[in-house]
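The values are calculated or read from the model by the stated rules, or taken from the named source; none is laboratory data. Predicted, not measured: the structure shown is a model, and the values here were computed from it. Positions of Cβ are backbone-derived with ideal geometry, glycine not excepted, and every protein chain shown enters the neighbour counts. To get the accessible areas, we keep the full protein, side chains included, count just its heavy atoms, and leave off ligands, DNA and RNA. Shrake-Rupley method; radii C 1.70, N 1.55, O 1.52, S 1.80 Å.
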Amino acid sequence: SVGASMLPTLNMEGDALAVWRFGNWRKNIQPGDLVIFISPNDPHRRAVKRVLGLGGDTICIDPTKKEKLEYLQIPNGYLWLQGDNHSNSTDSRTYGPIPMSLVSGKVVARAWPWPCLINNGMEIVPGRFSSAS
């Protein structure tokens, strides 16, 4: 991994990641998972981000803009991806939902340095959303 967008989950550089690409792995992607995907800005670059929403989900595009919250329903076959370091991440807030066809694997562990499993750890809070204040 390279860059600050996934701090503190991943280091800025040097992480070796174990990636799951077996069987129907795409069907097992859930909100909270980390995925590797081809950057929509540069097809020669791979990136790692956290899944915040799946096709059919409604997400708040940028909850830090409290003065004007905007919501989006993610199209089927797409994911909403964001970096853990929200203030330093180019992600779906910039380039929109990512087609599943650009996702090349699900990160399951960091192999080096400090080997560890990458746990989902995300809590989904169901509710009804409205852009009205």
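Screening the stretch 1-46 for residues that are part of a strand (DSSP E or B) and without any contact (Cβ under 8 Å) to a residue 40 or more places away in the chain and picking the one that is farthest from residue 106 (Cα to Cα) gives 13.
Being over 19 Å from residue 119 (Cβ atoms) and either crowded, with 18+ Cβ neighbours inside 10 Å or among the polar types (S, T, N, Q) (or both) is a property that residue 47 has.
In the set (1) in contact (Cβ under 8 Å) with a residue 60 or more places away in the chain; (2) under 23 Å from residue 8 (Cα atoms); (3) surrounded by 11 or more Cβ atoms within 10 Å (Cβ to Cβ), the condition left unmet by residue 113 is number (3).
Screening the stretch 1-36 for residues that are open to solvent by less than 20 Å² (accessible area, probe 1.4 Å) and among the β-branched types (Val, Ile, Thr) and picking the one that is farthest from the chain's Cα centre (by Cα) gives 29. Filtering 89, 101, 39 for residues that are open to solvent by 90 Å² or more (accessible area, probe 1.4 Å) and among the hydroxyl-bearing types (Ser, Thr, Tyr) leaves a single hit, 101. For the stretch 58-75, the candidate set comprises residues that are open to solvent by 70 Å² or more (accessible area, probe 1.4 Å) and touching an Asp or Glu at 6+ places or on another chain (Cβ under 8 Å); within that set, the residue that is modelled with the lowest pLDDT is 70. Look at (1) open to solvent by 40 Å² or more (accessible area, probe 1.4 Å); (2) over 19 Å from residue 110 (Cβ atoms); (3) touching a strand residue (DSSP E or B) at 6+ places or on another chain (Cβ under 8 Å) and you find that residue 55 fails only one, number (1). In summary, residue 82 fulfils each of the numbered conditions (1) open to solvent by 70 Å² or more (accessible area, probe 1.4 Å); (2) without any contact (Cβ under 8 Å) to a residue 40 or more places away in the chain; (3) closer than 25 Å to residue 25 by Cβ with the single exception of condition (1).
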